[in-house]
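The values are calculated or read from the model by the stated rules, or taken from the named source; none is laboratory data. Keep in mind that what you see is a predicted model, and the values were worked out from it rather than measured. Cβ: placed from backbone, ideal geometry, glycine included. Neighbour counts: every protein chain shown.
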Number of protein chains: 2
Amino acid sequence: MTQVTDRLSASPTTPTSPAPASTAATKTAQIDVAWLGEYLLGTWAAERKQSRALMARPEFHRIDGLTLDEHRERVFGQLKLLVGDGAVHRAFPTSLGGANNHGGNVAAFEEIVTADPSLQIKSGVQWGLFGAAVLHLGTKLHHEKWLPGIMSLEIPGAFAMTETGHGSDVASIATTATFDPKTDEFVITTPFRAAYKDYLGNAAVHGRAAVVFAQLITHGVNHGVHALYLPIRDDSGLLPGIGSEDDGLKGGLNGLDNGRLFFDHVRVPRTNLLNRYGDVNEHGEYTSPIESPGRRFFTMLGTLVQGRVSLDGAAVIASKLALTIALIYGSERRQFTASSATDEEVILDYQRHQRRLLPRLAETYAMSFAHEKFLSTFDGVFSGAHDTDDDRQDLETLAAALKPLSTWNALAILQEAREACGGQGFLMENRLTQLRADLDVYATFEGDNNVLLQLVAKRLLTDYSRTFAKADAGAMAHYAAELVGDVAVNRTGLRRLAQNVVDFGSTARSIGYVRDTASQRQLLTDRVQTMVAEVAGKLRPASKLARAGAAALFNRHQNLLIQTAQAHGELLQWEAFTDALEGVQDDQTRQVMTWLRDLFGFTLIERNLAWYLMNGRLSANRAQAITDYIDDRLLPRLRPQVLDLVAAFGLTAEHVRAPIATGIERVRQNEARDYYENLRASGKLPIEEKDLKAKKR
Amino acid sequence: MTQVTDRLSASPTTPTSPAPASTAATKTAQIDVAWLGEYLLGTWAAERKQSRALMARPEFHRIDGLTLDEHRERVFGQLKLLVGDGAVHRAFPTSLGGANNHGGNVAAFEEIVTADPSLQIKSGVQWGLFGAAVLHLGTKLHHEKWLPGIMSLEIPGAFAMTETGHGSDVASIATTATFDPKTDEFVITTPFRAAYKDYLGNAAVHGRAAVVFAQLITHGVNHGVHALYLPIRDDSGLLPGIGSEDDGLKGGLNGLDNGRLFFDHVRVPRTNLLNRYGDVNEHGEYTSPIESPGRRFFTMLGTLVQGRVSLDGAAVIASKLALTIALIYGSERRQFTASSATDEEVILDYQRHQRRLLPRLAETYAMSFAHEKFLSTFDGVFSGAHDTDDDRQDLETLAAALKPLSTWNALAILQEAREACGGQGFLMENRLTQLRADLDVYATFEGDNNVLLQLVAKRLLTDYSRTFAKADAGAMAHYAAELVGDVAVNRTGLRRLAQNVVDFGSTARSIGYVRDTASQRQLLTDRVQTMVAEVAGKLRPASKLARAGAAALFNRHQNLLIQTAQAHGELLQWEAFTDALEGVQDDQTRQVMTWLRDLFGFTLIERNLAWYLMNGRLSANRAQAITDYIDDRLLPRLRPQVLDLVAAFGLTAEHVRAPIATGIERVRQNEARDYYENLRASGKLPIEEKDLKAKKR
């Protein structure tokens, strides 16, 4: 009855090397696991490895069962350790000891999720939101005055944007900052309960300051949402005029001291206005480098997009962790053994188990490659390499498309993994339930997923209407090509698609027509394009309606709009996976990765099969062929590759920390089998009643 | 900034009476809420009301943030309170102070979930599993000796069936009970680590005894799984030979002391064998009233079906609770107000919000009515009124079909409700995250959902193959009629369906053909029947294959089998809802309930639209009409009914206990609106920068 944990290596830099796959399945290709692992780490591999090495250390790991206060204090202490290890300053200016490395900073930050999502989010609040607001919305004075203390954690701070009454609708916040020329101060006021700042990390206990978002009012004019730096606590507690409430226990992330802040005519010097995008002089005169209040607002908020970038990345890593656990366990666990005692099947040999987990594995790879592109785009904007208005808008749209998909997928993957591990999955030591609880809120914070997808849909519609001011086939093809960011979908291709609709509707049952990359791309691209055109057509009368009527029309198609945005996001994921195949040199690795990409593409098509059938893109027989191809070809081919595909995630024992992913189940199963074999060999195995009866007959 | 909780009534017997629905939507029918509330309570309304009155008391309510030990002790104390209140003895024999009331017992037990799911499951372990095993598997001697102590909680006990190595595969457990004729005792042994009894409530701390399931071996013959009564602890701790480990923290249900038990040659008197279905005399001779070991095993396990019944019922109540919270909040919360300040929309007026929650409301009604039928069937068997072998098998199949659907649905509903409440939904005080965490394991315990659905599929196939030994159209119609438990689907109807496939494929776009009950039934029934026939055809070669080959063939279609069982379960839910409509006398109530049933039926069809299209049951235009009818007719009609439909669930403030469902949000919104109105009236509202610019132009 020994319990061993010899499966995962003890070194944080060596990837897991699981036992070979079930002998039942035939392995027809061999992945280069080490190479693939590096490839997955992407552009900021070095930063990711540094962060993983750090997160392998026990002092960063979540301890289950702590009280709320203990957990909060532990995480706060971990933040100090991060400072000591120089782990959190990469995005700050070199002049202040940072590295001006935006992509690397977010990459390293994402990896914290394996230690404790509370630690990830608390450090995100401190340096990614509070600190980043001072950095991006403030100017030299603010940087010099406050960034050193923020970087060193001398000034823990809250990012006071969200209000109880307004979650994702930041433009409508009700807190006011009114300029008083008599004292050269802003007066910050919470006018009513719904305007309490809410859900703010660091607000309940640790915060010494806050960046407060408020409607900036001077000379009776409201210039919209601006940010001000506001001290809130000193050693003796809350400062005069500042109120705070504790949000208390949450569904997860309880290492964060989320709370509320409210202000009773609190005065700050005029220069506490973070004035990069809007300033007030001593006479109360407002100026801004951005003329349009709307564009100014979105520019200010756009500087904080890294929250969405890092949630997307953390969701990918959590998904990798979940699948590592469930797939190792599924490769060892035996149940309902159908064949003989000496040739037992593991649960991952069951079709249903494969159906539950393998498409999720493919999805996780797609999410991982899509995130890498997203992170590069982000780095391009923030490093200044590609920082036009269009670049920033594209980044916003990418964030709004990918963050909802990956955070929802992560929850679904964590849940499927938990159920796939049965009772073991429900034990907190095996991490799946706690990770799911912590990541739950990722779906609604940093922009509610449904709200973000509407932004994507609106952008798609805007692009569409611009392109089709004078609609012709060429414009349509160009639009579609831009949509997928790939010129390979050229006019010819799309024209052929249109001509082939009849052919697609034929009854010839074959998968050949869709197995290749170009056909998958056509099916997925065509869907997005057709949905955009459809919804654009439905919304066309809106331009002739009054505001309320237009809103009602929009609302009548809101669900379709969001589905369209989802389809667009899925296409982006598929394109990222497909692009990633180009970089794979090794033939066998590319073969397996292509199967995995196909599984992802076919799963997307299968999920939306009704659309393809209704719109004449697939005949019934060809639709059936998609499902059959997944079941009869892709799952059996990928089954023997599963442990290698998981090993390439490179998560070590210190990151996984789930007893069921240590080989413990295999040891238990082997012990049981040996026991029966010995009993049988010694002639002491009791005869079964039914065999006895059969013998007597 | 006042916070009030005046929305929900303070009395546990008065249902909630929410404010009128949004004035934006026109209410075209008025539900009789009081009547519908009684109707939903069903046959055991009195027991449900008693239990609800009890669960309204604060001493039964979960307190968030307790430590593991504190929560366990609190729940154990609550169990004693339940005994004092006579709340848990209904199912026991009248001779021992019970009421022999099986349906009423389970109904009352289910209602405990509103107080704390840990309390529900812990009392389920004590009286529904441990006690029920002694009752149903033991005989007079055992009843007299142990039931009084079990009923009074003098003997807290564990139900030691599951082993670490074998979850849902009970027949393969490895613990042995070997008869020793020399001492007239059984020797209970755990042969290896995988045979530890695991996940047992009461095992870690409170249990004094256990019903242990073990392979019964006597004279070298293994007679299969039997249950024995085994003392495990006294005042000084574990008894000799008994080992125990604590399962520790779990994803939820932490008020339960789940743990492991293992046995090192522990001896119990021969008469501790619970011998109703199998006995051993002093010579070690085995006898059983049931000849076949397989049937004997399933009969023994069948006596414990009430676990599945009560999980199904608890899932329904948790769903009602979640929707009560999310729909009240959604009716008050305002965001992104599209129209003027004085005519703000609440988030439930958004189509997407309706799409997320209203089909779930319809589903919850369907689950509720289906559960009522299930509970009646259970009561029929256990009261002895309808207790043939066939009755028991039908009950098993019903349990295996409904428990997976309702427990999965409850998780999806809790999650959708949580996300629909945004940040508020993530606060533990609003209950959605904790309920979800607690109910998570419902999907895999008392039979893993995927395993249960396979049992259903096998039963469907067995019935099918019996019916079609000599297949003809009459047999097929009879089979289908039996399948749905409704003779209204008669031969003519089914024949007509077959003839109408061509018509269904026509392009006439209309919803008329499917809006009526008979057409919905045909579409849903036809799908189940066709899927069963399809999978039967695919599995036909299995009879000619060796065991391993047959298992492989079965495995190749495992996913389809499970989908077939799901379709069957959904049909049962739809039939239960449709039957329930018959009992509604009031015209307007019946009108609203019919819309709700239609929404449920159409949602089922929409979810499986690809199947209907691929199998020629719906044309593309008619498929689109399903979606349009949901969006354009059913959701707008049901929107004004939502608060009444939720009020009929009859959950009071004491059961709901979520601040956001108290009217607090409406108060906050009104305060904000009044503030702006006063400011505007007094001329002090700052002018918006963009309005100023427009003026200057």
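Answer yes or no: is there a residue in region B:157-172 that is of a type outside the set (D, E, K, R), within 11 Å of chain A (Cβ to nearest Cβ) and farther than 20 Å from B:G294 by Cα.
Keep residues of region B:157-172 that are of a type outside the set (D, E, K, R), which gives B:157-162, B:164-168, B:170-172.
From what's left, within 11 Å of chain A (Cβ to nearest Cβ): B:162, B:164-168, B:170-172.
So of that shortlist, the ones also farther than 20 Å from B:G294 by Cα come out as B:164-165.
Within region B:157-172, one or more residues are of a type outside the set (D, E, K, R), within 11 Å of chain A (Cβ to nearest Cβ) and farther than 20 Å from B:G294 by Cα.
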- Query: Which of the residues that make up region B:182-197 are of a type in the set (D, E, K, R), under 10 Å from B:F262 (Cβ atoms) and either away from chain A (no Cβ under 14 Å) or assigned to a helix (DSSP H, G or I) (or both)?
  - Reply: B:R193
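For region A:236-297, which fully contained strands (runs of 3 or more DSSP E) count at least 1 residues that are surrounded by fewer than 19 Cβ atoms within 10 Å (Cβ to Cβ)?
Details: elements: A:242-246, A:259-263, A:266-269.
Ranges flagged: A:242-246, A:266-269.
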- Message: Quick check on region B:550-565: of everything there that is more than 10 Å from chain A (Cβ to nearest Cβ) and buried (at least 22 other Cβ atoms within 10 Å of the Cβ), which residue is nearest to B:Y365 (Cα to Cα)?
- Response: B:A565
- Item | Members of region B:650-664 that are assigned to a helix (DSSP H, G or I), crowded, with 22+ Cβ neighbours inside 10 Å and more than 13 Å from every other protein chain (Cβ to nearest Cβ) | B:H655, B:V656, B:A661
- In region A:212-240, which residue that is touching a Ser or Thr at 6+ places or on another chain (Cβ under 6 Å) and within 11 Å of another protein chain (Cβ to nearest Cβ) is farthest from A:F179 (Cα to Cα)? A:Q215
- Task: Could you please give the count of residues in region A:139-167 that are outside any loop (DSSP other than H, G, I, E, B), of a type in the set (G, A, S) and touching a helix residue (DSSP H, G or I) at 6+ places or on another chain (Cβ under 8 Å)?
- Result: 3
- Task: Quickly run through region A:280-320 and pick out the residues that are away from chain B (no Cβ under 14 Å), more than 27 Å from the chain's Cα centre (by Cα) and among the charged types (D, E, K, R).
- Result: A:E282
- Item | Scan of region A:419-458 for residues that are among the acidic types (D, E) and either under 30 Å from A:Q558 (Cβ atoms) or more than 9 Å from chain B (Cβ to nearest Cβ) (or both), ordered by number | A:D438, A:D440, A:E446, A:D448
- Note on the structure: Quick count over region A:80-101, residues being in contact with a helix residue (DSSP H, G or I) (Cβ under 9 Å, 6 or more places away or on another chain) and either in a loop (DSSP other than H, G, I, E, B) or crowded, with 21+ Cβ neighbours inside 10 Å (or both), is 14
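Of everything in region A:665-693 that's touching an Asp or Glu at 6+ places or on another chain (Cβ under 9 Å) and more than 9 Å from chain B (Cβ to nearest Cβ), which residue is farthest from A:L327 (Cα to Cα)? Reasoning before the result, please.
From region A:665-693, those touching an Asp or Glu at 6+ places or on another chain (Cβ under 9 Å) are A:665-669, A:673, A:693; that's our starting set.
In the following step, the residues that additionally are more than 9 Å from chain B (Cβ to nearest Cβ) were identified as A:666, A:673.
Details: A:R666: 13, A:R673: 22 Å.
The extreme case among them is A:R673.
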- Say whether the condition of being in contact (Cβ under 8 Å) with a residue 24 or more places away in the chain and not in a helix (DSSP H, G or I) is met by at least one residue in region A:555-562. no
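Which of the helices (runs of 4 or more DSSP H) found entirely inside region A:609-649 contain at least 2 residues meeting this: of a type outside the set (D, E) and farther than 30 Å from A:E345 by Cα? Give the derivation first.
Details: elements: A:609-614, A:620-629, A:635-638, A:642-647.
The helices (runs of 4 or more DSSP H) meeting that bar are A:609-614, A:620-629.
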- Given the residues A:D586, A:D598, A:D628, which is the only one that is among the acidic types (D, E) and either over 25 Å from A:A648 (Cα atoms) or in contact with a strand residue (DSSP E or B) (Cβ under 6 Å, 6 or more places away or on another chain) (or both)? A:D628
- Note on the structure: (1) within 27 Å of the chain's Cα centre (by Cα); (2) surrounded by 23 or more Cβ atoms within 10 Å (Cβ to Cβ); (3) of a type in the set (A, V, I, L, M, F, W, C) all hold for A:A580 apart from (2)
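Of everything in region A:658-676, what is without any contact (Cβ under 8 Å) to a residue 40 or more places away in the chain and not aliphatic (A, V, I, L, M)? Give them in sequence order. It would help to see each step written out before you state the result.
If we filter region A:658-676 for residues that are without any contact (Cβ under 8 Å) to a residue 40 or more places away in the chain, which is where we start, we get A:668, A:670, A:672, A:674-675.
Within region A:658-676, A:R668, A:N670, A:D674, A:Y675 meet the criteria.
Of the residues that sit in region A:538-549 and are within 15 Å of A:T462 (Cβ to Cβ) and surrounded by fewer than 18 Cβ atoms within 10 Å (Cβ to Cβ), which one is farthest from the other protein chains (Cβ to nearest Cβ)?
First pass over region A:538-549, keeping only residues within 15 Å of A:T462 (Cβ to Cβ): A:539-540, A:542-543.
Going one step further and asking which of them are surrounded by fewer than 18 Cβ atoms within 10 Å (Cβ to Cβ), we end up with A:540, A:542-543.
Details: A:R540: 18, A:A542: 12, A:S543: 16 Å.
Among residues in region A:538-549 that are within 15 Å of A:T462 (Cβ to Cβ) and surrounded by fewer than 18 Cβ atoms within 10 Å (Cβ to Cβ), the one farthest from the other protein chains (Cβ to nearest Cβ) is A:R540.
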- Within region B:623-671, count every residue that is under 22 Å from B:N430 (Cβ atoms) and aromatic (F, W, Y). 1
- Item | Yes/no for B:R617 being assigned by TED's automatic domain parsing to the domain that holds B:M367, more than 28 Å from the chain's Cα centre (by Cα), within 28 Å of B:W408 (Cβ to Cβ) and among the basic types (K, R) | yes
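Restricting to region B:413-433, name every residue that is of a type in the set (D, E, K, R) and either in contact with a Phe, Trp or Tyr (Cβ under 6 Å, 6 or more places away or on another chain) or not in a helix (DSSP H, G or I) (or both).
B:R431
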